[in-house]
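Chemist: The structure under discussion is supplied below as structure tokens; questions concerning it will follow.
Just so it is clear, none of the values below were taken in a lab; they were calculated from the coordinates. Since we're looking at a predicted model, the values are computed, not measured. Heads up, the Cβs are rebuilt from the backbone with ideal geometry, glycines too, and the neighbour counts pull from every protein chain shown.
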Amino acid sequence: MIHLKTLIDTLVKDKYLAILADLTLPDASGTQVVEKIDKFDTPTVVFSGSIDKDLINKVLDYNVMDFVVKDNPSSSDYAIRLIKFIVLNKKSSLLVVDDSKVSRMFLNSSLQRLGLKILEAEDGIEALKIIEKDKSVKLVLTDKQMPNMDGIEFVNKARMKYGLNELAIIGVASKSDDDDIILEFLKSGANDFVSKSTSSEEIFSRVVTNIELLDYIKIAKDSSTIDYLTKLHNRRYLYDIGDKLFANARRKHLELSVCMIDIDYFKKINDRYSHEAGDMALVEMSKVLKATLRESDVITRYGGEEFCIILNGLTLENSINIMEKLRKNISEIAIVINNKTIKFTVSIGISSNLSRSLEDMINRADKALYKAKESGRDKVVSL
């Protein structure tokens, strides 16, 4: 078991996203633990065997996201869920929409422990402007009765731009209105509903659950389009987005280049230095691709040691210049494994001919790549 002093020394040296802390350490216990941790402003989940309600309330007065009692196997699962929530939502925001300052203050105080940035709006019109401007907003808590634009109209307008799996919305109304309003909110597109008489703990739990659902949906979606090793998009994503870019370029007479990139003698790296070295080469190359190319460019791992890039709005000459720069940057990568330094090069083929389809452009870029290989490797060839 770690000592509190050791933990504090570690926090002084490094910045952590979250802390999972017990209240019984060899050199401290109870609020002494959270009092010391609180100074570092790091989201903390307390995981303790204590069921003392007074102690729990005292602990929650500090910078503690939640107090989880070790009373059954599911407790550890919940504690881990909270840590994952903190990690996945370190840059996320939550929007509270209500014309009542008192109501906004209540919801704000109930949710501060989440570690999210909390924004406020007085009506639906202001709320729409905020979510349009701030893409970090993951969840909106909106009251029903508001001037200018009420909660139901806000939900209707928000859903025209943001789907259920993109933005979570929780409707809020007074208890006397619950029976009439719940269905209206849900039919308008709200994900959930709470009444103003709902306890702080339940509101906290509902918000966590709704944001978690968005996170899981995004993870599932990403897993189908993101390459596990390199964290680049995969071939499926290439064709999904590439077909749209190709059609747009043809329709508007825009410049578009497809580039195929292949690591030279990649099999020798695997055979001579191990598959781990090959994986390291792919990962380091992916970092250089991201650092060299623009955010608007489509960067994908096509398969094995082959990558496919779509450059938007660039002439063939500019595309060649960028690929030459990329080729040079990759040649400077140095991987060290088992005290051995490994360097490698790439061959690149480019097609800028907006012919029949994206598939045709990829095939032409692949032929150019083959010519680069045939003519000595470590070069850029266009067709």
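Chemist: Calculate how steeply helix 358-374 sits against the longest principal axis of the alpha-carbon atoms of the chain, using the helix alpha-carbon long axis, and give the answer as 0 to 90 degrees to the nearest 10.
Modeler: In the chain, helix 358-374 runs at an angle near 50 degrees to the longest axis.
Chemist: In whole Hz, with x marking every Gly and Pro, tabulate ³J(HN,Hα) for segment 120-134 from phi via Karplus 6.51 cos²θ - 1.76 cosθ + 1.60, θ = phi - 60°.
Modeler: Result, rounded to whole Hz: 9, 9, 9, 7, x, 4, 5, 5, 4, 5, 5, 6, 6, 7, 9.
Chemist: Additional query: In sequence order, what are the phi-derived ³J(HN,Hα) couplings for segment 69-80 according to the Karplus relation 6.51 cos²θ - 1.76 cosθ + 1.60 with θ = phi - 60°, rounded to whole Hz, with x for glycine and proline?
Modeler: In residue order, the calculated couplings are 8, 7, 10, 7, x, 6, 4, 5, 4, 5, 4, 5 Hz.
Chemist: Let me ask something else about it. Express the relative contact order of segment 89-222 as a whole percentage, based on alpha carbon pairs under 8 Å and six or more residues apart in sequence.
Modeler: About 23 percent, as a whole number.
Chemist: OK, next. Tell me the relative contact order for segment 1-147 as a rounded percent, counting alpha carbon contacts under 8 Å between residues six or more apart.
Modeler: Relative CO of segment 1-147 lands at 19 percent.
Chemist: For A28, what residues show an amide H to amide H distance below 5 Å, using hydrogens built from the backbone and excluding near sequence neighbours?
Modeler: For A28, the qualifying residues are L4.
Chemist: Just to check I understand the Karplus step: with θ = phi - 60° and J = 6.51 cos²θ - 1.76 cosθ + 1.60, what whole-Hz values come out for segment 17-33, glycine and proline as x?
Modeler: Result, ordered by residue: 6, 7, 10, 10, 10, 8, 8, 10, 10, x, 10, 6, 7, x, 5, 4, 5 Hz.
Chemist: Give me the angle, in degrees from 0 to 90, between the Cα long axis of helix 235-252 and the longest principal axis of the Cα atoms of the chain, rounded to the nearest 10.
Modeler: Tilt of helix 235-252: around 70 degrees.
Chemist: Work out, step by step, the length gained on full extension between M105 and R356: first 0.36 nm times the residue separation, then minus their alpha carbon distance; give nm to one decimal. Show your work: numbers first, answer last.
Modeler: On the way: separation 251, 0.36 × 251 = 90.36 nm, distance 5.89 nm.
Taking 0.36 nm per residue and subtracting the Cα distance, the gain is 84.5 nm.
Chemist: Can you pull the one-decimal nm distance between simple spin-label points at D61 and T341, each 7 Å off the Cα toward Cβ?
Modeler: Calculated label separation equals 5.9 nm.
Chemist: As I understand it, the dipole of segment 4-79 uses +1 on the Cβ of Lys and Arg and -1 on the Cβ of Asp and Glu, about the Cα centre. Which of I51, G30, S74 lies farthest toward its positive end?
Modeler: G30
Chemist: Return the aspartates and glutamates within reach of K196: Cα separation strictly under 13 angstrom, same-chain partners fewer than 8 residues apart disregarded; answer none if there are no such residues.
Modeler: D98, D143, D177, D178
Chemist: Turning to a different aspect of this structure: Tell me the label-point distance for the pair M160, D71, using the 7 Å Cα-to-Cβ offset, in nm and rounded to one decimal.
Modeler: It works out to 4.9 nm between the two label points.
Chemist: Something else now. Run the numbers on segment 235-382 and let me know its relative contact order in percent, using alpha-carbon pairs under 8 Å that are six or more apart.
Modeler: About 31 percent, as a whole number.
Chemist: Taking a temperature of 20 °C and a viscosity of 1.002 mPa s, what whole-number D in µm²/s does Stokes-Einstein yield for the chain with Rh from Kirkwood over alpha carbon pairs?
Modeler: 86
Chemist: Treating the angle as unsigned and between 0 and 90°, give the value, to the nearest 10°, between the Cα long axis of helix 178-188 and the longest Cα principal axis of the chain.
Modeler: The helix 178-188 is inclined about 10 degrees to the chain.
Chemist: Antiparallel versus total DSSP beta bridges in segment 235-382: what percent is that, nearest 5?
Modeler: Numbers: 21 of 24 bridges.
Expressed as a percentage, antiparallel bridges in segment 235-382 total about 90.
Chemist: Then there's this: How much of the DSSP bridge set in the chain is antiparallel, in percent, rounded to the nearest 5?
Modeler: Antiparallel bridges make up about 45 percent of those DSSP assigns within the chain.
Chemist: Treating the Cα atoms of segment 235-382 as identical point scatterers in vacuum, please give the log10 of the normalised Debye intensity I(q)/I(0) at q = 0.19 Å⁻¹, two decimals.
Modeler: One equal scatterer on each Cα of segment 235-382 leads to -1.10.
Chemist: Please list the non-local residues whose amide H lies under 5 Å from the amide H of L164, H modeled 1.01 Å from N, same-chain partners needing a gap of 5 or more.
Modeler: none
Chemist: Now for a different question. Under a straight-distance cross-link criterion of Cα-Cα below 16 Å, which lysines are reachable from K13, leaving out those fewer than 8 residues away in the same chain?
Modeler: The qualifying lysines are K5, K36, K39.
Chemist: Would you pull out the residues with amide H under 5 Å of V68's amide H, same chain only if 5 or more places away, H placed 1.01 Å from N?
Modeler: Residues meeting the amide H criterion: V46, F47, S48.
Chemist: In nm, to one decimal, how far is the E295 label point from the D27 one, both placed 7 Å along Cα→Cβ?
Modeler: So the label points at E295 and D27 sit 4.5 nm apart.
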